[in-house]
Amino acid sequence: MNGARLKNKRKELKISGRELAEALGTTRTTVYRWESGLSEPSDYTKVELAKMLKTSVAYLMGETETPTLENQTENFAYWGDMLDRAQKVVKRGDEKEISLIGNIIKMAYELFSAQHNQNDNSAISINAKNNYGSNQVVVSA
């Protein structure tokens, strides 16, 4: 996490370290440690920080120079809903659905990685096995 970005976005929105800590259920000292680069928040907390600070996790992590969300608000809502649904599946203990969700996430990550690491325009082919059989996804990069 880029602590300076976290601190700058917090101050830009006029949120005190104490207010941020309370909203996240942590201490002001912990927020200070994140901002100073002495520790890292969990992945879940990074998402919550990005929501609260109206930015993206990628910006807070230093992976992009664009601090604004632009059209990402809809993505937060969509993926937040998907996460809620996945948590319900886990609570039910449906192993087939849990396995399918894991494979979908893995496939999405592999597609994203392949698209961002590929320099030519050839097609990307990824096979993903799940409990319901084998699927093949072909995406043009």
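All of the numbers you see were taken from the coordinates with simple rules; none came from a lab. Just so we're clear, the structure is a prediction, and the values are computed from it rather than from any experiment. Cβ: placed from backbone, ideal geometry, glycine included. Neighbour counts: every protein chain shown.
With point charges of +1 on the Cβ of Lys and Arg and -1 on the Cβ of Asp and Glu, referenced to the Cα centre of segment 15-70, which listed residue (29, 64, 47) lies farthest in the positive direction of the dipole?
My answer, from the dipole projection, is 29.
Tell me the label-point distance for the pair residue 61, residue 109, using the 7 Å Cα-to-Cβ offset, in nm and rounded to one decimal.
Each label point lies 7 Å from its Cα, and together they span 1.1 nm.
Evaluate E = 1/(1 + (r/R0)^6) for residue 15 and residue 36, where r is the Cβ-Cβ distance and R0 equals 25 Å; express this FRET efficiency to the nearest 0.05.
Working from the Cβ atoms, E equals 0.90.
Using a 10 Å cut-off on Cβ atoms, rank the peptides 28-37, 91-100, 48-57 from the highest mean neighbour count down.
The packing order, highest mean first, is 48-57, 28-37, 91-100.
Residue separation times 0.36 nm, minus the C-alpha to C-alpha distance between residue 86 and residue 43: what's the value?
Values: separation 43, 0.36 × 43 = 15.48 nm, distance 1.64 nm.
Length gained, residue 86 through residue 43: 13.8 nm.
Taking a quarter of the surface of the Cα convex hull of segment 1-67, what do you get in nm²? Write out the running numbers ahead of the final one.
On the way: hull surface 14.8 nm².
Projected over every direction and averaged, the Cα hull of segment 1-67 covers 3.7 nm².
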